[in-house]
Structure formats: structure tokens, C-alpha cells
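Structure first, then comments.
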Amino acid sequence: MSDASRIEYHLRSQVHGLSGHWRVRAARVKREREMGVRLVRMYKKHPAPPWILTITRVAPRALDDDNLAYACKAIRDGIAEALGFRNDADWQLVWRYAQRKGKPREYAIELVIASAEWHDDSRVGT
């Protein structure tokens, strides 16, 4: 990945289960989406699209892969919005998720925006 930058923002992402009051969930999703927007705005310069966007969750305990993607969904939506996309499923955005173990009570989200070099023409334009 060339032209990659790294930003770290302290935020405890959570899996947005169906439990809990809807207003509490909605406020948490809104807050995490705004964090995604802030992560992109913190970049001084990022490469031109298409991009590979890697969201890394830092926490004391790991999530399984489907919960990891689910926990990062609101952040992903905010990132796509800040980059000017109405839909986070746009062909110019390739999403990757990672996680690493943090210290006790250490929670963070890291974003890496890298230039994507296509070798597969099936991903280009629809």
C-alpha cells in the first residue's frame, strides 16, 4: 500500500445489538459516525480514489470477524460520507478490518487510507 497515512482516535466502538433503548443506540451510532467523519478530516492529504480503507479496532479483547465489521459500521458510514460518497458500497472504496490488542482500558480506532491499484478489471465501474 503506497501513500498510506495513519490516524488514531480514541473511541470505544461497540457492537450495536438489538438490546437497549432505541435513543441510546441512535445516539451511539450518531457519535461513531461523526468520529468517522473526523478521522477523514484529520488527514492533511490522502491519495486520489480508488482507495483501500483499513479500519483497525484497538481494544483489550478481540471480536470475531463478523462482529468486528458490525462494530465498525457506523464509523465506516461516516468515513464514506466524509470522502463524498453517498453509499459506502461504492466500487471506489475497498474496506478492510483489522484489530490489535490494546492495554487494559485502551480503546481506539485507527484509519489507513491507501491508494488502490486495480489488477482486476471486474471491480471497475458499473
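What the table below lists for this structure:
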{"quantity": "Residue selected from region 106-117 under the condition out of contact with any Lys or Arg (no Cβ under 9 Å at 6 or more places or on another chain) and over 18 Å from R38 (Cα atoms), by the criterion surrounded by the fewest Cβ atoms within 10 Å (Cβ to Cβ)", "calculated": "E117"}
{"quantity": "From G84, G17, residue being assigned to a loop (DSSP other than H, G, I, E, B), surrounded by fewer than 12 Cβ atoms within 10 Å (Cβ to Cβ) and at pLDDT below 90", "calculated": "G17"}
{"quantity": "Residue ID - surrounded by the fewest Cβ atoms within 10 Å (Cβ to Cβ), chosen from residues in region 54-74 that are closer than 21 Å to R105 by Cβ and among the charged types (D, E, K, R)", "calculated": "R61"}
{"quantity": "Matching option when the condition is surrounded by 12 or more Cβ atoms within 10 Å (Cβ to Cβ), part of a loop (DSSP other than H, G, I, E, B) and not aliphatic (A, V, I, L, M), among D90, D77", "calculated": "D90"}
{"quantity": "Breaking point among (1) buried (at least 19 other Cβ atoms within 10 Å of the Cβ); (2) more than 26 Å from S115 (Cβ to Cβ), for L39", "calculated": "(2)"}
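A quick yes/no check of all residues on (1) closer than 20 Å to A27 by Cβ; (2) of a type outside the set (F, W, Y); (3) free of Cβ contacts under 8 Å to residues at least 40 places away in the same chain:
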| residue | (1), (2), (3) |
| --- | --- |
| W51 | no, no, no |
| D66 | no, yes, yes |
| G78 | yes, yes, no |
| A82 | yes, yes, no |
| D88 | no, yes, yes |
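The values are calculated or read from the model by the stated rules, or taken from the named source; none is laboratory data. Just so you know, these numbers come straight off a predicted model, no measurement behind them. Virtual Cβ from ideal backbone geometry, glycine too; neighbours counted across all protein chains shown.
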